[in-house]
Amino acid sequence: MSAPKQTPSQTVGPYFAYGLTARQYNYPHTSIADGSMAGEDVEGERIRVEGRVLDGDGMPIPDAMIEIWQADSQGRFAHPADPRNSNAGFTGFGRFGTGTDPKNRFIFDTIKPGSVTSGEAPNLNVIVFMRGLLTHVYTRIYFADEDAANAVDPVLSSVPEDRRGTLVAARHGNTYRLDIRMQGDDETVFFDV
Amino acid sequence: MGDAHNTVTPRDWTAHPPLIHPDYKSTVRRGPTKPLIPIGHSLSELTGPVYGHDALAPLDNDLTKNGAKNGEALGERIVVTGRVLDDLGRPQPNALVEIWQANAAGRYIHENDRHDAPLDPNFFGGGRTVTDAEGRYRFYTIKPGAYPWPNHANAWRPNHIHLSLFGPTFASRLVTQMYFPGDPLLALDPIFLGTPEAARDRLVSTFSLDVTEEGFALGYVFDIVLRGPRETPTEAGR
């Protein structure tokens, strides 16, 4: 038998909220994840990561869904392929729809990840879904106060210098802010992962 | 050692829709316009969230019952089942499958759905399951109705169920829609037609009398193929 071929992606559509983010949107159904990623027993620096998802007209998109996958404070993933045993209680996965915040922001309360390996800057792996996007796109969020690490990160270094800023979140207290721009002169860098 | 590294099979752009497909109007101002920048696979892409059977409640895979308030959900009961494989043909056990859909009348419970069709007090429309050791999943639900949408004049979405899947890695992530065989709306639907023609059949389930439960529910089979991990020879100088 020949190898099967990939099932095509389709848009998440406008009505994902009660299926994928029910708890956040107050639908009577459980959720596997939301924007509160780190319980009290999780080690690490508490941070908030927030931003909007903007369309080609600069308008905030109210029906996007953002997923985050990140390492723990010591750079370890909670996954069998990472043998370093991530700290208990931290899955590293968050999911948030932009339809509940009055400004249509995504808001993640998490911990700041460590570097996965020396030479990689701390970052969040991000998937963007929305009505009007037939195939999801990948991006990353880096941290503005990690200049030295960002300067040598292999993924950031592969991005043209004038576009790297679209991946770096500014720090305000314990909150990092970064808008994801789907189009325009300062379109966010999306990766072919 | 040192002559191979782990990676995930690439996204097959002959299978997946383009980021901008003008017939589906919302893509025009939402799809990225600049080329995606390729990155190699490190631990970030080779890992992903892990959910097991302990993440499930007993009725999570039975949408005919998990929203019941005071009676039976209305509509045609169906079984939707299939295997989750990777594109090297390996079954994917412990894959989380989440689904959501309209009710039999073509109405979503979502508060933004303004379609003038009735809600069913005994149908919620969301569920999830985890694949077994052979990569199989199984849902009981109600066949979703077609519904109008504002993309163009007299536009109707074909009957469909939304599915969200996690494979073994973040790179295996997939959100898709399952359609029903013989639906005349497929030939008119810009979302379905946004898919490369050679790959469209993979989005259409097949009716199965074997899966059909006598006196209870019609059976549909929908296999899902994700990107899978593999070992790739390391190129010189990598």
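Brief remarks follow.
- Residues in segment A:36-58 that a label on residue A:115 would reach, taking backbone N under 18 Å of a point 7 Å out along Cα→Cβ: A:45
- Accessible area of residue B:147 in the full protein assembly, 1.4 Å probe (Å², nearest 10): 20
- Gap separating the Cα centres of segment B:168-234 and segment A:1-45, nearest whole Å: 19
- Relative contact order of segment B:127-180, pairs being alpha-carbon contacts under 8 Å that are 6 or more residues apart, as %: 23
- Two-site FRET efficiency, residue B:154 against residue A:48, from Cβ-Cβ distance with R₀ of 45 Å, rounded to 0.05: 0.50
- Per atom type, segment A:81-193 shows carbon and sulfur on 49% of its accessible surface, probed at 1.4 Å.
- All distinct Cα pairs of chain A go into the 1/r average, and the inverse of that average, the Kirkwood radius, is 17.4 Å.
- Build a GNM of chain A with springs between Cα atoms under 10 Å apart, and of A:22, A:71, A:121 the one that fluctuates most is A:22.
- Exercise: per-residue mean of other protein chain Cβ atoms within 10 Å, A:17-29: 5
- Among beta bridges from DSSP that stay inside the protein assembly as shown, the antiparallel ones total about 75%.
- Using θ = phi - 60° and Karplus 6.51 cos²θ - 1.76 cosθ + 1.60, couplings along segment B:52-65 (whole Hz; Gly, Pro as x): x, 5, 6, 7, 10, 9, x, 9, 4, 9, 10, 6, 6, 10
- With the cut-off at under 14 Å, measuring from each backbone N in segment B:73-98 to a point 7 Å along the Cα-to-Cβ line of residue B:210 picks out B:81-83.
- Two-site FRET efficiency, residue B:76 against residue B:6, from Cβ-Cβ distance with R₀ of 30 Å, rounded to 0.05: 0.10
- Taking segment A:37-71 and a reference point 7 angstrom along Cα→Cβ of residue A:171, the backbone N atoms nearer than 18 Å belong to A:44-51, A:71.
- Using the Karplus relation 6.51 cos²θ - 1.76 cosθ + 1.60 with θ = phi - 60°, the per-residue 3J(HN,Hα) values for segment A:102-110 come to x, 9, 6, 8, 8, 9, 10, 9, 8 Hz, with x marking Gly and Pro.
- Three principal axis extents describe the C-alpha atoms of the protein assembly as shown; from largest down they are 65, 49, 44 Å.
- Placed amide H near residue B:8: partners under 5 Å, 5+ positions off or other chain: B:230
- Choice from A:70, A:183, A:24 showing the highest fluctuation, given a GNM over chain A with Cα pairs closer than 10 Å: A:183
- When peptides B:213-223, B:124-134, A:79-89, B:7-17 are sorted by average Cβ neighbour count within 10 Å, with the highest value leading, the order is B:124-134, B:7-17, B:213-223, A:79-89.
- Selected from B:112, B:159, B:122 as most flexible by GNM, with chain B as the system and alpha-carbon contacts under 10 Å: B:112
- Measuring nothing but protein heavy atoms, the accessible surface of segment B:52-144 at 1.4 Å probe radius is 49 percent carbon and sulfur.
- Value of relative contact order over chain B, rounded to a whole percent, pairs C-alpha under 8 Å and six or more apart: 28
- Averaged over A:117-130, number of beta-carbon atoms from partner chains that fall within 10 Å: 2
- Solvent-accessible area lost in complex, 20 Å² minimum, residues of segment B:168-217 relative to chain alone, 1.4 Å: B:170, B:173, B:174, B:175, B:176, B:177, B:191, B:202, B:203
- Projected onto their three principal axes, the Cα atoms of chain B cover extents of 64, 42, 32 Å, largest first.
- For segment A:135-189 versus segment B:77-114, the gap between their alpha-carbon centres in whole angstrom: 33
- Sequence of A:172, A:29 when ordered by accessible area, the most exposed leading, probe 1.4 angstrom: A:172, A:29
- Chain A: relative contact order in percent, alpha carbon pairs under 8 Å with at least 6 residues between: 25
The values are calculated or read from the model by the stated rules, or taken from the named source; none is laboratory data. Remember, predicted model here, so these are calculated numbers, not experimental data. Virtual Cβ from ideal backbone geometry, glycine too; neighbours counted across all protein chains shown. Just the protein is used for accessible areas: all its heavy atoms, side chains included, with ligands, DNA and RNA removed. Shrake-Rupley method; radii C 1.70, N 1.55, O 1.52, S 1.80 Å.
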